[in-house]
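The values are calculated or read from the model by the stated rules, or taken from the named source; none is laboratory data. The shown structure was predicted, so the numbers you read here are calculated from the model rather than taken from an experiment. FYI the Cβ positions are ideal-geometry reconstructions off the backbone, even for glycines, and counts take in every protein chain you see.
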Amino acid sequence: MIYIVLAIIVGVVFYILGFYNKLKTLEVQIQASLQEIGNQLKRQANLIPNLVDSVKGYLKHEKDIFKMLTDARTKVDQAAQSRRPEKIDQAQDAVSKVLSSLQILVESNPQIQASSLVSNLMNELRDTADKLMYARRTLIDLSAEYNTAIITIPGVWFASLFGFKPQKGLVIPTGGTFNEVTPPETENPKVKLD
Amino acid sequence: MVNVYENVSENKFKSTLTVGLFIGFITVAVYLISYSFNLDSSFLVIALIFSLTMSGATYFWGDKMVLALNGAKPAKREDYFDFYTVTQNLSMADQIPMPKIYVIDSPALNAFATGRDPHHAVVCATTGLLRKLNRSELEAVIAHELSHVKNFDTRLLMMVSLLIGSLSILTNIAIQNSFFGGRRGRDSRGEGNLGAVMMILGLLLAVFAPFIAKLIQLAVSRRREYLADASGVKLTRQPQSLIDALQKISGDPNILSEASPATASLYINNPFKGKSLSSLFSTHPPIEDRIRVLKNML
């Protein structure tokens, strides 16, 4: 009888140790993915001025593109400094807008199309955008795993013992216009080809 | 409607079951063969040393052997920008170290992964694949390969091919042994009905073991293709890209001439398509079936 009790106690102790290590590992990984988001934002911020320099010669008359590039640069800078989720979202939007306008421009202008410098930089920028997206998703997945572990049985019994608190991850502000869908947004986008 | 997460866990369960069946079969087969052929101890020692050396070599150098067999070259970032960066991004998202990446110079559309664990993984693609797929389709294919790496499919496949190779070598030696004096000790064991049955069963197994083992190996790898499709899509969240990529791959007439049968099950698509292999012996489920499963995730 005493052995059974001992075995159960040993089992529980091992479980708690495993649980503790798992959550500590997740905490480190969450920090690392936050760091990665910052790194990618910085890399984007450095790439945009290069892109501006490389297209300057070709795009003297494309004031809109320059305005968008400056705008994207500012937003990426802000996001890199504040690391706030809504800033990151805005930065990503701005970068993808510049990218699609540039894409159209490049396709309509053989001179720019021939410049490998421009296309290289655009590829790099697209790649950082991807990396940013995956870093964010990693952060979201890891935070979800962590938060599930500390609010479900049996984790919920030990979580407070070690002072594990829910991870915020990338909190998208609730309230405001973030979780509302306006009627125009539910309609299919109309595409006009002239 | 089956979602991605349910698919992953269901596939994992079925894969474990198939692997269990496989291990059970190998154990019983080796026991029966050694019983009915009455192998003496010196033979067992040699067999043991041989199989240990072989497993060690496969475990540590299997990936290099596979790359050499397929004539693969390392891929640089400046030459294969999309391939390199896509692999980098996906391994970050999958929480594994970035694998070494290689290319095979061939117009065929194919890719494979190998290596004993995620720290020693290799992902290899043909130059044809890198030319014909766009970035998001390439992402889908690489995600599929990285899932093989993360699920340790690559190690399993490496070790399973070795086991099957060794088993058929063992069977050959056993048969030779029984013809050239291997029957020496049989009298001491008695000649009951049981002995005769075991003898026949052993002979049958000796003849059919390689075939049966091969079939089970194929079943293992087919199961794993569905699992890798599911976890790959879980990574990219874009089933449509994988569907597009698979359609491009299956619609392509080029055959990978560098592929050897030993490495066929590693590829994203059967490299011997077009050659008449019956569907039972195919290493991969038909692409239409994979696409049907993927469409359920849309």
Taking region B:234-253 and keeping only residues that are surrounded by 18 or more Cβ atoms within 10 Å (Cβ to Cβ) and either among the hydrophobic types (A, V, I, L, M, F, W, C) or modelled with pLDDT under 85 (or both), one is left with B:235, B:242, B:243, B:245, B:246, B:249
Might you let me know whether region A:107-130 holds any residue that is of a type in the set (A, V, I, L, M, F, W, C), touching an Asp or Glu at 6+ places or on another chain (Cβ under 7 Å) and surrounded by 18 or more Cβ atoms within 10 Å (Cβ to Cβ)?
no
Worksheet item: Taking residue B:100, is it at pLDDT 90 or above, within 18 Å of residue B:268 (Cα to Cα) and surrounded by fewer than 24 Cβ atoms within 10 Å (Cβ to Cβ)?
Response: yes
Subset of region A:150-159, residues surrounded by fewer than 18 Cβ atoms within 10 Å (Cβ to Cβ) and among the hydrophobic types (A, V, I, L, M, F, W, C), comes to A:151, A:153, A:156, A:157, A:158
Inside region B:112-162, the number of residues satisfying the requirement of being modelled with pLDDT under 90 and within 14 Å of residue B:75 (Cβ to Cβ) is 2
Apart from one, (1) surrounded by fewer than 22 Cβ atoms within 10 Å (Cβ to Cβ); (2) at pLDDT 90 or above; (3) of a type in the set (A, V, I, L, M) all hold for residue B:262; the odd one out is (2)
Condition set of a type in the set (Ser, Thr, Tyr) and closer than 22 Å to residue B:232 by Cα, scope region B:66-125, selection farthest from the other protein chains (Cβ to nearest Cβ): answer is B:114
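Limited to region B:76-92, what total is found for residues that are in contact with a helix residue (DSSP H, G or I) (Cβ under 8 Å, 6 or more places away or on another chain) and surrounded by fewer than 22 Cβ atoms within 10 Å (Cβ to Cβ)?
Step one: of region B:76-92, the residues in contact with a helix residue (DSSP H, G or I) (Cβ under 8 Å, 6 or more places away or on another chain) are B:76-77, B:80-83, B:85-92.
If we keep only those that are surrounded by fewer than 22 Cβ atoms within 10 Å (Cβ to Cβ) too, we end up with B:76-77, B:80-82, B:85, B:88, B:92.
Count: 8.
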Residue pairs qualifying under the 8 Å Cβ cut-off, at least six apart or on distinct chains, with the first in region A:112-133 being free of Cβ contacts under 8 Å to residues at least 24 places away in the same chain and more than 9 Å from chain B (Cβ to nearest Cβ) and the second being of a type in the set (Val, Ile, Thr) and part of a helix (DSSP H, G or I), are A:113/A:106; A:119/A:106
